[in-house]
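Participant: The structure that follows is given in the form of structure tokens.
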Amino acid sequence: MFCYQCQEAAKGEGCRIRGTCGKTPELAALLDLLVFTSKGVSLMATALRRQGFSTKEADIYVVDSLFMSITNANWDEPRTLAQIHRGIALRETMLARHGADVGLPSPLPLAATFKPADDAALRALAPAVGVLTTTDVDLRSLRELLIYGLKGAAAYLEHARNLGHGNDEVVEFMHRGLAATTDDALLTQDLLAIVLECGRHGVTAMALLDNANTSTYGNPEITTVNIGVRKNPAILVSGHDLRDLHELLEQSRDSGVDIYTHGEMLPAHYYPAFKKFPHFAGNYGNAWWLQDKEFESFNGPILLTTNCLVPPRASYADRLYTTGAVGYDGCPHIPERAQLADIKDFSVLIAQAKQLAAPTEIETGSITGGFAHHQVMQLAGPILEAIKTGAIRKFVVMAGCDGRMKSRSYYTDFATELPSDTVILTAGCAKFRYNKLPLAPINGIPRVLDAGQCNDSYSLAVIALKLKEVLGLKDINDLPIAYNIAWYEQKAVIVLLALLHLGVKNIHLGPTLPAFLSPNVAQILIDTFGITGIDTVENDLVTMVGRATPANECDVALAN
Ligand code: FSO
Ligand code: SF4
């Protein structure tokens, strides 16, 4: 196997024997094949779309398959095999229906022609389709960067689709982009242009999901979320899919079972539509990588609506359920909706919860969030006043992901050491490194403004663009905003490409730069966009906020 798509790539190079995430070589090969199959489907879809044909089935297939191949999403080999077979059948159906004369490339790449006789033949093909089959390291780097950006965009497209929202331009690009990774005529500059175009579509995908979420569930508002527990039995919901959560809340109403959020589902508490459920009890635990301990002490059923799922311990595997792109062989999977109007059936979780103990308390108190773009615009007056008077001197965007690497304590230290006239803008599970620190507010404005999930990084971009307009600045980089972004998986890649498309420069990316950036590709990003890694907290404070924290300037408020 060879996989280097996430921040935990072994030795900062790539996982070859087994994933740091736990992915086996067998599963890695099947996920490579799934992406390969999607390339073939996208080649057909790109050609058919140019001829004016609809490719609805292929559109859904590629979005689903790319999402399934994201880090920590689908661990289920039989399910992956079934999805690969579905893709081959779909590709062949398209070919049979329209014929080969639809402007397909000639000769057709293997991705669009392979037809294994059985599962064994399919598995045997895997080594010939992985990342390393592109031998030129720069082309490999750009192809994979593009694929990872598309994977991230696919995740956001799927959540939007679940709420009845779509964007054909982004889907067209997804097919075209995937097809481009099979085209040996495309050289570095060609691929670089497509990678940057991916950023533009990333902005559209995030805007689409923002509109889908807010038009369905209302605009996030400032909310205090309980992090302690109640006495009822309960279900814990993790991941990013708000519709799954909504249907579970509806079905568990008056059942005596409470619903808690974990990890990236925390921002659901900020939406008006969910607040009306009295049994929506609070947020339990921290970021995804602590789930093995926190799922155990939760005691009740757990629903994973998206990544990040880590291989479960036996102690709670019998109460772990997956749905959507997530899967784990041996854990029950709640079936998808056949039609958009269908409702998923979560009754099995509710019945099991009633038999189990209430969650064990692991924390008490509360956290505050809900600072998405609409809410921040309501606070524009006080924020602008604080900027003008110098009470707020700098914002630091600390969006992105958390992860288990020890060096990520950097982010807690950085947040703790930030001077008292700086405000953190956050989104994604990166926040769990500092959202419980008692940082003293500035004129009533919290020092950590949480916009929501990783896709809500879009909100931070909207806020930045609005600030630029109000302050009469020409360039987004003239704003008093520094970017200290933590990444882990491929959704962070599309967020990064989207920020680059919006013209944001000098982003600090950590805790390590992606293994999939070859030295030459990394240099292009450094030269063009000023992307850098992170240094020590002390040095980065000077670089990013312009001054070190004097030892006596302790802005950590007393806990009471
Ligand atoms: Fe985190 Fe996992 Fe949202 Fe990712 S839970 S790491 S970027 O899947 O999606 O921030
Ligand atoms: Fe390694 Fe990350 Fe790939 Fe898992 S997803 S195999 S940790 S690079």
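The values are calculated or read from the model by the stated rules, or taken from the named source; none is laboratory data. What you see is a predicted model, and the numbers here were worked out from it, not measured in a lab. Counting neighbours? That spans all protein chains shown, and the Cβs are built from the backbone with ideal geometry, glycine included.
Participant: Return the residues of segment 249-265 that are within 22 Å of residue 68 (Cα to Cα) and in a helix (DSSP H, G or I); say none if nothing qualifies.
Facilitator: Passing the criteria: 263, 264, 265.
Participant: Name the helices (runs of 4 or more DSSP H) wholly within segment 64-172 that hold at least 2 residues that are among the small types (Gly, Ala, Ser) and within 16 Å of ligand 1 (Cβ to nearest atom)?
Facilitator: Passing ranges, in order: 137-162.
Participant: Can you pull out every residue in segment 270-288 that is assigned to a helix (DSSP H, G or I) and surrounded by fewer than 22 Cβ atoms within 10 Å (Cβ to Cβ)?
Facilitator: 272, 273, 274, 275
Participant: In addition: Return yes or no: is residue 47 assigned by TED's automatic domain parsing to the domain that holds residue 148, touching a Cys at 6+ places or on another chain (Cβ under 8 Å) and either among the small types (Gly, Ala, Ser) or over 22 Å from residue 130 (Cβ atoms) (or both)?
Facilitator: Here the answer is no, as residue 47 does not meet what is asked.
Participant: Tell me which residues, restricted to segment 470-483, are modelled with pLDDT of 95 or more and either crowded, with 24+ Cβ neighbours inside 10 Å or outside any loop (DSSP other than H, G, I, E, B) (or both).
Facilitator: Of everything in segment 470-483, those that are modelled with pLDDT of 95 or more and either crowded, with 24+ Cβ neighbours inside 10 Å or outside any loop (DSSP other than H, G, I, E, B) (or both) turn out to be 476, 477, 478, 481, 482, 483.
Participant: Continuing with the same structure: Among all residue pairs at least 6 apart or on different chains, which show Cβ distances below 8 Å where the first residue, located in segment 477-497, is without any contact (Cβ under 8 Å) to a residue 40 or more places away in the chain and the second is within 16 Å of ligand 2 (Cβ to nearest atom) and part of a helix (DSSP H, G or I)?
Facilitator: Close Cβ pairs (under 8 Å, with a partner that is within 16 Å of ligand 2 (Cβ to nearest atom) and part of a helix (DSSP H, G or I)) do not exist here.
Participant: Residues in segment 258-267: is at least one more than 16 Å from ligand 1 (Cβ to nearest atom), within 26 Å of residue 213 (Cα to Cα) and charged (D, E, K, R)?
Facilitator: Yes - at least one qualifying residue is present in segment 258-267.
A quick yes/no check of all residues on (1) in contact (Cβ under 8 Å) with a residue 40 or more places away in the chain; (2) more than 16 Å from ligand 1 (Cβ to nearest atom); (3) of a type outside the set (Asp, Glu):
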site: 428; (1), (2), (3): yes, no, yes
site: 442; (1), (2), (3): yes, yes, yes
site: 449; (1), (2), (3): yes, yes, yes
site: 455; (1), (2), (3): yes, no, yes
site: 463; (1), (2), (3): yes, yes, yes
site: 471; (1), (2), (3): yes, yes, yes
site: 475; (1), (2), (3): no, yes, no
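Participant: I'd like to check something: does segment 484-497 contain any residue that is more than 13 Å from ligand 1 (Cβ to nearest atom), outside any helix (DSSP H, G or I) and crowded, with 22+ Cβ neighbours inside 10 Å?
Facilitator: yes
Participant: Another question, then. Any residue at all in segment 231-253 that is within 16 Å of ligand 1 (Cβ to nearest atom), surrounded by 19 or more Cβ atoms within 10 Å (Cβ to Cβ) and without any contact (Cβ under 8 Å) to a residue 60 or more places away in the chain?
Facilitator: No, segment 231-253 has no match at all.
Participant: Here are some residues: 461, 440. Which one is of a type outside the set (Asp, Glu) and crowded, with 24+ Cβ neighbours inside 10 Å?
Facilitator: After applying the criteria, what remains is 461.
Participant: Looking at segment 356-415, which of its residues are hydroxyl-bearing (Ser, Thr, Tyr) and either within 27 Å of residue 210 (Cα to Cα) or surrounded by 22 or more Cβ atoms within 10 Å (Cβ to Cβ) (or both)?
Facilitator: Hits for segment 356-415 are 366, 368, 411.
Participant: Those residues that are within 21 Å of the chain's Cα centre (by Cα) and not small (Gly, Ala, Ser), I need them from segment 413-438; list them, please.
Facilitator: 424, 425, 426, 429, 431, 432, 433, 434, 435
Participant: Here is a follow-up. When you scan segment 8-26, how many residues do you find that are within 21 Å of the chain's Cα centre (by Cα) and either more than 7 Å from ligand 2 (Cβ to nearest atom) or modelled with pLDDT under 95 (or both)?
Facilitator: Here the count works out to 2.
Participant: Check 33, 66, 110, 95 and return the single one that is in contact with a Lys or Arg (Cβ under 6 Å, 6 or more places away or on another chain) and closer than 20 Å to residue 183 by Cα.
Facilitator: The conditions single out 66.
Participant: Quick one: which residue in 104, 66, 43 is of a type in the set (A, V, I, L, M, F, W, C) and within 16 Å of ligand 2 (Cβ to nearest atom)?
Facilitator: 66
Participant: What are the residue pairs meeting all of these: first residue in segment 321-336, first residue over 17 Å from residue 70 (Cβ atoms), second residue basic (Lys, Arg) and part of a loop (DSSP other than H, G, I, E, B), Cβ atoms under 7 Å, and 6 or more apart or on different chains?
Facilitator: Listed pairs, sorted by first residue: 334/344.
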